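**Student:** This is the structure I have questions about; it appears just below.
The values are calculated or read from the model by the stated rules, or taken from the named source; none is laboratory data. If you're wondering where the values come from, they're calculated on a predicted model, not measured in any experiment. Cβ: placed from backbone, ideal geometry, glycine included. Neighbour counts: every protein chain shown.
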Amino acid sequence: MRKKIVIANWKMNHDFYETTSFLRSFLRIIFEKKINHNKEIIIAPSFPFLHISNQILQGTILHVAAQNIHYMEKGSYTGEVSVSMLKSIGIQKVILGHSERREFFYEKNDILLKKIKIALKYGFHIIFCVGETDIERNKNQQFNVVKNQLKETVFHCSLNDIRSFYIAYEPIWAIGTGKTATFEQVQKMHQFIRSLFLEKYGINLSILYGGSINENNAKDFFLQKDIDGGLIGNSSLELEKFIKIVQS
Ligand code: 13P
């Protein structure tokens, strides 16, 4: 089940021109540098550019993910995007539970569980994020916090559905702050998360780390035995940096 994965979460960055020129240049560089196929590379652009991104990347080793979905199939939810809309333009992956959605858009575990259910109903692959705040870590509550986030969401899923998940551990205090968790802190948490899934489902999932990964520290993170890849924010916006991370 475990694979090497790098995901670019562009958040609310890159307009149409920046998105399309990044992807075209990225494909050219991948071809020139013969970046091999033993890893999964996923790009998560903004909603308006998912369609064109998917068209550009069709038939290549790169995949596209949405950054969010609504939990209803359709209806009067002004400004929202449904999973069936995304499916109709060929999108099959989505990031859920990101701390920025939890913090700025008040997405609690019950909402996230609804989103998981609708995503699975439409056959989506889910990159599900968990992570503690600095206050929680200072109180040494990080393991309980993460376990609870999983217990109230992903752990409601069947064994069959679990195969559709990657888990991303993103300690909130390390996101966009330039403050990275130490390799040991991340390794310990990943080992813990892995053991929870092994215990409950007997499945060895891919677990990614996210939080101020850059082209200089990526390799050391990826060398840790329970880190299968990265969910990259800021450093995925610049092509050169992102290529170096992918090569790591
Ligand atoms: P940064 O890499 O900017 O810290 O963001 C991490 C993240 O939130 C990826 O989803």
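**Student:** Can you go through ASN36, ASN13, ASN54 and tell me which one is within 16 Å of the ligand (Cβ to nearest atom) and polar (S, T, N, Q)?
**Tutor:** Answer to the selection: ASN13.
**Student:** I'm checking my understanding of the structure. Among residues of segment 70-94 that are in a helix (DSSP H, G or I) and polar (S, T, N, Q), which one is farthest from PHE128 (Cα to Cα)?
**Tutor:** Going through the qualifying residues, I end up with SER88.
**Student:** Could you check ARG2 against (1) among the basic types (Lys, Arg); (2) in contact with a helix residue (DSSP H, G or I) (Cβ under 8 Å, 6 or more places away or on another chain); (3) in a loop (DSSP other than H, G, I, E, B) and say which number it fails?
**Tutor:** ARG2 satisfies every listed condition except (2).
**Student:** Within segment 228-242, restricting attention to residues that are surrounded by fewer than 19 Cβ atoms within 10 Å (Cβ to Cβ) and in contact (Cβ under 8 Å) with a residue 60 or more places away in the chain, which residue is nearest to GLU100 (Cα to Cα)?
**Tutor:** So the residue we want is LEU237.
**Student:** Considering only residues that are β-branched (Val, Ile, Thr) and within 11 Å of the ligand (Cβ to nearest atom), look in segment 173-227 and name the one that is surrounded by the most Cβ atoms within 10 Å (Cβ to Cβ).
**Tutor:** Taking the candidates together, the pick is ILE213.
**Student:** Filter segment 97-123 for residues that are touching an Asp or Glu at 6+ places or on another chain (Cβ under 7 Å) and within 15 Å of the ligand (Cβ to nearest atom); which is nearest to GLU170 (Cα to Cα)?
**Tutor:** Applying the filter and picking the extreme gives SER99.
**Student:** Moving to a separate point now. Mind listing whichever residues of segment 42-59 are touching a residue at least 40 places away in the same chain (Cβ under 8 Å), not in a helix (DSSP H, G or I) and not β-branched (Val, Ile, Thr)?
**Tutor:** Within segment 42-59, just ALA44 meets the criteria.
**Student:** Residue check, TYR17 against (1) in a helix (DSSP H, G or I); (2) surrounded by fewer than 17 Cβ atoms within 10 Å (Cβ to Cβ); (3) in contact (Cβ under 8 Å) with a residue 12 or more places away in the chain, all met but one. Which one?
**Tutor:** Just one mismatch for TYR17, condition (3).
**Student:** Counting only residues that are within 16 Å of the ligand (Cβ to nearest atom) and part of a helix (DSSP H, G or I), how many does segment 140-172 have?
**Tutor:** The total comes to 3.
**Student:** How many of the residues making up segment 82-113 are buried (at least 16 other Cβ atoms within 10 Å of the Cβ) and farther than 30 Å from ASN38 by Cβ?
**Tutor:** Residues meeting the conditions: 10.
**Student:** Restrict the check to segment 137-150 and report whether at least one residue is at pLDDT below 95 and either surrounded by fewer than 17 Cβ atoms within 10 Å (Cβ to Cβ) or under 16 Å from the mean Cα position of the chain (by Cα) (or both).
**Tutor:** So far as segment 137-150 goes, yes, one or more of its residues are at pLDDT below 95 and either surrounded by fewer than 17 Cβ atoms within 10 Å (Cβ to Cβ) or under 16 Å from the mean Cα position of the chain (by Cα) (or both).
Conditions tested, residue by residue: (1) of a type in the set (Asp, Glu); (2) within 17 Å of LYS188 (Cβ to Cβ).
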{"site": "VAL146", "(1), (2)": "no, yes"}
{"site": "LEU150", "(1), (2)": "no, yes"}
{"site": "PHE155", "(1), (2)": "no, no"}
{"site": "ASP161", "(1), (2)": "yes, no"}
{"site": "PHE165", "(1), (2)": "no, no"}
